[in-house]
Amino acid sequence: MRFWASRWRSMTIAVSGLALIGLAAATVGAVFANPPNTSYSISGNTPGFVSNAKDLGAYDPSTVISVTVWLKLHNEAQLDTLARQESQKGSANYHKWLTQSQFNATYAPTSQELKSVENFLSAHNLTVANVAENNFYVEVSGTVANIEKAFHVQIDNYSVDGMQLRSNKADPSVNGSAGAHIAAITGMDDLGYHPNVAYPDGQSAPTLTPLSSSPKGFFFASQCFTGVESHTFTGSDASATYTGNRYGTDINNSNLGQLPPCGYQPSEMQQAYNMNGLYANGLNGAGQTVVITDAFGDPTIQSDANTFSQLYGLPALDSSNFQVIQAPGSTNNPRTRGKFGDPTGWQGEITLDVEWVHAMAPAAKIDLVIAPNNGADLDEAVNWSVLHHLGNVITNSWAGPEAMANPATFNRMNRILEQAAVQGVDVNFSSGDNGDDTVLVGYKSTEFPGSSPYATSVGGTSLALDSHNNIAFQTGWGNNLTCIEGITPPVAGDYCGTPQDPPGPLGFQFGAGGGSSRVFAKPDFQSALPGTQRLVPDVSMLADPYTGVEIVETVGGELGVSVIGGTSLASPMFSALMAIATQANGGQGLGQAAPLLYGLSSSQTTSTAFYDVQTVGSATNVSGSITDSAGTTNYSADQLAAPLDGTTSYYSAFYNSPFSRRWFVITFGTDSSLQTAPGWDDVTGVGTPNGVNFVNALVH
């Protein structure tokens with residue numbers, strides 16, 4: 001997010017009756033007896049943004065793009081039943097995982113079906129670029145004109161609040177017997193997924209401090225909250241006085257080594273999450289592989305991560321414990337247009353993922369699987385990781401709003417995730433960084449793939465440590481900002497006066513994603529929760545960039561350290577802990593984490609496995625007054641924290657930004673309409689794991 005967040009037009013997407021699961025053959029090898037000229041409509045295959053976007057006209061028909069044709073699975077009802085049984089204690093199939101060959105034999109599309117689809121595509125002048133080893137999909141390239149002709153669609157350019165995207169106008173259809181095998185066609189639109197990474201003050205890239213800065217060492221203060229202060233700001237027309245909590249430190253040129261505002265190093269997070277007792281007993285991820293999927297790549301990731309490791313006393317990453325794998329896919333038409341597809345934004349994501357898996361599970365091997373773009377190839381990267389069983393845990397710090405997406409996306413990815421679940425592979429996704437997504441799409445929406453019933457969604461918290469690096473308090477992640485003082489001396493065009501009269505509410509900046517899915521029904525493991533839909537997130541860890549972590553990264557050829565956050569931090573940290581739990585389980589996969597989490601949280605004997613994250617209030621939230629020519633006006637803490645959107649308990653503080661040098665009132669625990677509460681909530685799920693207790697409870 002950013003200070004002045006652009007608002008998407010209000011959109012609607014009809015999801016009632018959406019067929020997420022394609023019609024499947026009753027048995028493997030079933031013969032589809034269909035007339036050769038039958039036309040098959042591929043329903044639910046148009047993105048949600050199309051209905052309210054401005055159509056800019058036809059897309060260049062000569063442009064070569066890639067699309068992926070996804071085949072239907074077999075015996076899907078049987079597969080759904082098996083997935084439920086494998087995660088239910090007491091079931092005869094509990095944790096009796098399938099092998100990939102067993103899955104393929106019963107559920108995967110057959111070679112004959114795949115060949116039928118390939119023949120259809122080739123006959124329509126489309127070039128086969130990639131075929132899934134489990135026959136899930138065929139990726140092809142061709143001109144827009146040939147794709148339009150093959151699938152009976154029109155592909156246009158669209159404008160969505162100033163962002164230009166490509167998409168088919170209506171659902172595709174396929175003539176001939178091959179159409180009976182096709183569940184979805186993706187890639188005609190170029191929306192793509194976005195990384196869930198966040199920097200303080202909504203920066204789009206990190207502000208680096210060179211490692212050569214003096215003093216050397218660990219760079220940012222771990223004590224984020226420093227007591228109660230009063231500040232007076234005076235200008236030619238007004239005088240403002242405020243009193244309240246303080247976050248960070250004053251900005252000056254002499255505090256290198258304790259750089260504002262705040263940031264944690266690995267040893268501090270290891271202590272905060274009660275990990276040291278695990279390490280002392282040899283539980284550090286040894287023998288396990290954590291798989292990370294990302295897009296585009298980062299040419300300096302290994303050297304950056306090794307500098308990070310050297311600084312913080314972690315093992316070096318070499319060929320024995322780290323590899324970068326280029327996932328199959330096409331480099332045609334990378335989804336680089338608009339806010340969802342900036343390749344440079346993925347480099348910070350990759351750095352965060354690798355360094356903080358390594359920080360929390362220092363002996364685990366890391367396989368970084370890179371997709372060539374941030375569209376369907378990311379799904380394909382997850383599929384490739386599962387069918388090659390690279391590891392028992394996969395972390396993915398990317399997502400997209402359910403409401404904007406192509407519903408066919410849900411079909412293709414949901415089946416990949418179910419394939420992982422029945423093989424005992426835990427696949428985790430960040431829940432998002434835009435709260436209820438209203439700031440992003442104009443109304444409430446959860447983020448997919450974390451909203452899938454076969455994924456585990458990881459939400460986020462704000463975290464304060466005491467002097468011993470134990471948790472002083474934590475609350476659900478959500479930040480608002482209100483400007484109270486501009487740059488001194490004033491700068492022409494500054495949006496914040498000296499002082500700002502009246503205070504300038506910049507509103508919601510970012511916060512953990514969550515809420516009720518528009519697409520998926522409530523899974524069995526959430527039976528004790530309200531409503532009828534899948535609820536996210538399931539669990540949480542630190543995500544707030546204002547109480548974020550340090551990373552070492554090369555940007556523009558310069559190596560430096562910065563602070564970062566987002567649920568992109570929470571997912572790799574939680575995945576590292578799941579790898580340690582798998583190690584404690586004798587190396588045997590524990591399966592999807594979500595059903596296990598709810599089982600633990602409902603047990604009286606294992607409730608200490610989690611810290612129950614609740615709201616944090618303060619009697620000394622910032623309040624004040626401004627005196628000007630009209631007299632004196634008082635401003636309550638609630639006015640300075642607005643908009644609260646139903647939140648009644650929060651923590652606010654002074655904040656002197658090192659990035660703009662302005663003064664703000666910053667809030668913690670104000671996550672759009674989402675609410676942190678005792679027990680499960682739509683910001684933090686069941687809570688944050690308590691390392692030693694969590695592993696002991698999970699593995700007995």
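I'm trying to understand the selection: among the residues of segment 179-195, which are surrounded by fewer than 23 Cβ atoms within 10 Å (Cβ to Cβ) and either touching an Asp or Glu at 6+ places or on another chain (Cβ under 7 Å) or among the hydrophobic types (A, V, I, L, M, F, W, C) (or both)?
Ala180
Is it fair to say Ala150 is touching a helix residue (DSSP H, G or I) at 6+ places or on another chain (Cβ under 8 Å), closer than 19 Å to Leu73 by Cβ and not β-branched (Val, Ile, Thr)?
No, not satisfied.
What's the total number of residues in segment 493-542 that are over 15 Å from Ser430 (Cα atoms), under 23 Å from the mean Cα position of the chain (by Cα) and outside any strand (DSSP E or B)?
5
Is there a residue in segment 657-675 that is on the phi > 0 side of the Ramachandran plot, touching a residue at least 40 places away in the same chain (Cβ under 8 Å) and touching a helix residue (DSSP H, G or I) at 6+ places or on another chain (Cβ under 9 Å)?
yes
Output the number of residues of segment 558-604 satisfying the condition of being part of a helix (DSSP H, G or I), under 16 Å from the mean Cα position of the chain (by Cα) and either within 23 Å of Thr207 (Cβ to Cβ) or not small (Gly, Ala, Ser) (or both).
Total meeting the criteria: 7.
Out of Thr99, Thr63, Thr110, report the one residue that is touching a residue at least 12 places away in the same chain (Cβ under 8 Å), among the β-branched types (Val, Ile, Thr), surrounded by 13 or more Cβ atoms within 10 Å (Cβ to Cβ) and more than 29 Å from Gly400 (Cβ to Cβ).
Thr110
Please name all residue pairs, on different chains or six or more residues apart, with Cβ atoms under 8 Å, provided the first residue is in segment 304-319 and is under 19 Å from Gly348 (Cα atoms) and modelled with pLDDT of 95 or more and the second residue is outside any helix (DSSP H, G or I) and of a type in the set (D, E, K, R).
These pairs meet every condition: Asp304/Asp298; Asp304/Glu553.
Within segment 470-483, does at least one residue satisfy the condition of being among the small types (Gly, Ala, Ser) and assigned to a loop (DSSP other than H, G, I, E, B)?
No: segment 470-483 contains no residue that is among the small types (Gly, Ala, Ser) and assigned to a loop (DSSP other than H, G, I, E, B).
Tell me which helices (runs of 4 or more DSSP H) are completely within segment 373-457 and hold 1 or more residues being of a type in the set (Phe, Trp, Tyr), or say none if there are none.
Filter on segment 373-457 gives 376-387, 407-421.
Can you name the condition, by its number, that Ser214 falls short on among (1) modelled with pLDDT under 95; (2) under 26 Å from Ala403 (Cβ atoms); (3) among the small types (Gly, Ala, Ser)?
Just one mismatch for Ser214, condition (2).
Mind listing just one residue for me: the one in segment 294-313 that is of a type in the set (Val, Ile, Thr) and within 26 Å of Trp384 (Cα to Cα) and, of those, surrounded by the fewest Cβ atoms within 10 Å (Cβ to Cβ)?
Filtering first and then ranking leaves Thr300.
Taking Gly624 as the residue in question, decide whether it is in contact with a strand residue (DSSP E or B) (Cβ under 8 Å, 6 or more places away or on another chain) and not in a helix (DSSP H, G or I).
yes
One residue is enough: does segment 71-89 have a residue meeting the conditions within 30 Å of Met404 (Cβ to Cβ) and touching a Phe, Trp or Tyr at 6+ places or on another chain (Cβ under 6 Å)?
Scanning segment 71-89 turns up at least one residue that is within 30 Å of Met404 (Cβ to Cβ) and touching a Phe, Trp or Tyr at 6+ places or on another chain (Cβ under 6 Å).
What about Gln423, is it at pLDDT 95 or above, over 27 Å from Thr676 (Cα atoms) and surrounded by fewer than 24 Cβ atoms within 10 Å (Cβ to Cβ)?
yes
Only residues that are buried (at least 24 other Cβ atoms within 10 Å of the Cβ) and part of a loop (DSSP other than H, G, I, E, B): list them for segment 667-685, please.
Correct list: Gly669, Thr670, Ser672, Thr676, Asp682, Val683, Thr684.
Can you name every residue in segment 433-459 that is in contact with a strand residue (DSSP E or B) (Cβ under 8 Å, 6 or more places away or on another chain) and over 20 Å from Ala521 (Cα atoms)?
Asp433, Asn434, Gly435, Val439, Leu440, Val441 - these are the residues of segment 433-459 that are in contact with a strand residue (DSSP E or B) (Cβ under 8 Å, 6 or more places away or on another chain) and over 20 Å from Ala521 (Cα atoms).
Which residue pairs have Cβ atoms under 7 Å apart, sit 6 or more places apart or on different chains, and have a first residue in segment 505-526 that is buried (at least 20 other Cβ atoms within 10 Å of the Cβ) and a second that is part of a strand (DSSP E or B) and of a type in the set (Asp, Glu)?
Partner pairs satisfying both residue conditions: Gly511/Asp671; Ala512/Asp671; Gly513/Glu447.
The values are calculated or read from the model by the stated rules, or taken from the named source; none is laboratory data. Computed from a predicted model, the values in this text were never measured in an experiment. Please note: Cβ atoms are built from the backbone with ideal geometry, for glycine as well, and neighbour counts cover all protein chains shown.
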